[in-house]
Amino acid sequence: MIFFKAERNSPDRLTLTDQIVIAIEDSIQNRRLRPGARLPSIRQFAAQYGVSTFTVASAYSRLVAAGLVTSRPGAGYRVSSPATPVTQRAPAKWRPPAVGASWLLADVFADHSIPIKSGCGWLPSEWLNETGLRQALRHASRIPAKSMGGYGHPYGFHPLREQIARNMADYGLELSTENLLLTQGATQGLDIIIKTLLKAGDTVLVEVPAYANLLHALRMANINIVGVRRTTNGLCIEELESKVSGNKIKALFVNPVLHNPTGTNMTMENAFKVLQIAERHDFWVIEDDVSRDLLQGAGAMLASMAGLSRVVYVSGFSKSITPALRVGYMAATEPLIQEFAKTKMTFGLTTPEIMERAVLQVLRQGKHGAHLDKVIERLRQAHDVVADRLNNLGMEIFAQPRAGLFLWARPKVVLGGANYVAQKALEHGIWLAPGSYFFPPGSANKEDDEWIRFNVAYSNEPKLWEFLGLALNT
């Protein structure tokens, strides 16, 4: 039996569909409708209660989706049988994960048990432009189904590529949409480059320290990795000259501004010398520029300095909008973009157009620039606070950019090294990123392993500094 009376002007502003769903749910919960009981047909219900068949069909569909009702051709709609109860187990005791590359690259992104994420690589969720994101996602939800029925263009959503081209012109880099390929984040862009331009046994140059995911991607492709020291001004030019003279180099991977993990910026002079060496020795420069939107003022952009005949440019929106949308892009010559698109399609087909549309909407709202200004100022303040705390602990700070996410620091004395400190920190619910993550195998010495990367946006936590004070002074 179903107790239902249609209220066309519901005091709770419930639609007729809502009222039908609630009435049938109540009848099931109170056992007036038992498992297996047959509901009136759509036409019968509509005639009996004076509502439209469309309203009844919508309500029944929602009940089926909720698992309360089943529908089979010829059998009509019936109340579902109760599901087999799930065996209840006591919650497992939390155990800190082991510090290591596999945890850093995979498990950490799913591990929500760690309350203090000083070692992570993204902005706090409360720093995001929530209003802009919600508006963008609502806009994307109104896209007609006929526009979403296919896989999308191999190069990615064309209007977003147009917007990116306009934005890059502000940095002096003139692009057409045929110079741009959208990716699932900048990391996929780097992977596409590795798969397209390199083969097993090739030798590449990387900064040391370097982006941890890049190092593992190169190792998985059996690429020979040669490290060049990163200084506070960019790459060590003397070391770069030395490394290229004895090796056939295919590419140099460089993170010019707000470097991960040191936070440093290349000077224009340093960037110019790097490009001269690349031209002289004929190797690609892969510019990973994912954090530029968080930079205060101007900074060296290798692609705008040398053009796309020498540089492949990679960036994305994970730092400036949100990593959850997974939208990045690559800029290169048209023939090279064609090859990159083939690789992209081979290993992952097209990128999610609905996410690309959402990013475009954020960029077009007219408020993104003001939001970034606020984020940049918050980061500057966080840098000052964290730098003061590190100085109070007597730690050496590699550089103080007062911008971006990262500070790179090491204690004067560490008992057991940074890996040991990071493991002990996990036992206290604190995630640190020790230097060993960021050096190619065999290139780090004992002093290198003592560095720790701090995400300043996550490091204003009293428990973090209490732990470090005890760990570094015992």
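Mind checking which residues of the stretch 152-178 are within 13 Å of residue 355 (Cα to Cα) and outside any helix (DSSP H, G or I)? Within the stretch 152-178, 152, 156, 157 qualify. Once the stretch 19-34 is narrowed to residues that are surrounded by 12 or more Cβ atoms within 10 Å (Cβ to Cβ) and touching a residue at least 24 places away in the same chain (Cβ under 8 Å), the residue that is farthest from residue 81 (Cα to Cα) is 20.
Run down 199, 195 and say which single residue is part of a helix (DSSP H, G or I), under 16 Å from residue 251 (Cβ atoms) and modelled with pLDDT of 95 or more. Step through it out loud before you land on a result.
Numbers: 199 fails: part of a helix (DSSP H, G or I).
Every option except 195 fails the conditions.
Within the stretch 95-104, identify whether any single residue is among the polar types (S, T, N, Q) and either at pLDDT 75 or above or buried (at least 17 other Cβ atoms within 10 Å of the Cβ) (or both), and answer yes or no. For the stretch 95-104, residues among the polar types (S, T, N, Q) and either at pLDDT 75 or above or buried (at least 17 other Cβ atoms within 10 Å of the Cβ) (or both): absent.
Yes/no per residue for (1) farther than 22 Å from residue 256 by Cα; (2) surrounded by fewer than 17 Cβ atoms within 10 Å (Cβ to Cβ); (3) in the same structural domain as residue 215 (by TED's automatic domain parsing); (4) in contact with a helix residue (DSSP H, G or I) (Cβ under 9 Å, 6 or more places away or on another chain):
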residue	(1), (2), (3), (4)
373	no, yes, no, no
377	no, yes, no, no
386	yes, no, no, yes
401	no, no, no, yes
423	yes, no, no, no
431	yes, no, no, yes
435	no, no, no, yes
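Scanning the stretch 259-274 for residues that are in a helix (DSSP H, G or I) and either at positive phi or buried (at least 19 other Cβ atoms within 10 Å of the Cβ) (or both) returns 270, 271, 274.
What is the one condition in (1) surrounded by fewer than 19 Cβ atoms within 10 Å (Cβ to Cβ); (2) within 27 Å of the chain's Cα centre (by Cα); (3) among the β-branched types (Val, Ile, Thr) that residue 290 does not satisfy? Against the list (1) surrounded by fewer than 19 Cβ atoms within 10 Å (Cβ to Cβ); (2) within 27 Å of the chain's Cα centre (by Cα); (3) among the β-branched types (Val, Ile, Thr), residue 290 comes up short only on (1). Of the residues in the stretch 249-257, at least one is surrounded by fewer than 20 Cβ atoms within 10 Å (Cβ to Cβ) and touching a residue at least 40 places away in the same chain (Cβ under 8 Å).
Answer with yes or no whether residue 250 is assigned by TED's automatic domain parsing to the domain that holds residue 170, basic (Lys, Arg), assigned to a helix (DSSP H, G or I) and at pLDDT 95 or above.
Details: assigned by TED's automatic domain parsing to the domain that holds residue 170: yes; basic (Lys, Arg): yes; assigned to a helix (DSSP H, G or I): no; at pLDDT 95 or above: yes.
No; evaluated as a whole, the condition is false for this residue.
Residue count for the stretch 138-175 satisfying the condition of being farther than 16 Å from residue 351 by Cβ, out of contact with any Gly (no Cβ under 9 Å at 6 or more places or on another chain) and in contact (Cβ under 8 Å) with a residue 60 or more places away in the chain: 6. Would a scan of the stretch 143-158 turn up a residue that is surrounded by 18 or more Cβ atoms within 10 Å (Cβ to Cβ), among the aliphatic types (A, V, I, L, M), over 22 Å from the mean Cα position of the chain (by Cα) and assigned by TED's automatic domain parsing to the domain that holds residue 314? Checked the stretch 143-158: no residue is surrounded by 18 or more Cβ atoms within 10 Å (Cβ to Cβ), among the aliphatic types (A, V, I, L, M), over 22 Å from the mean Cα position of the chain (by Cα) and assigned by TED's automatic domain parsing to the domain that holds residue 314.
The values are calculated or read from the model by the stated rules, or taken from the named source; none is laboratory data. Keep in mind it's a predicted model, so treat the numbers as computed, not measured. Note that we place each Cβ from the backbone using ideal geometry, even for glycine, and neighbour counts take in every protein chain shown.
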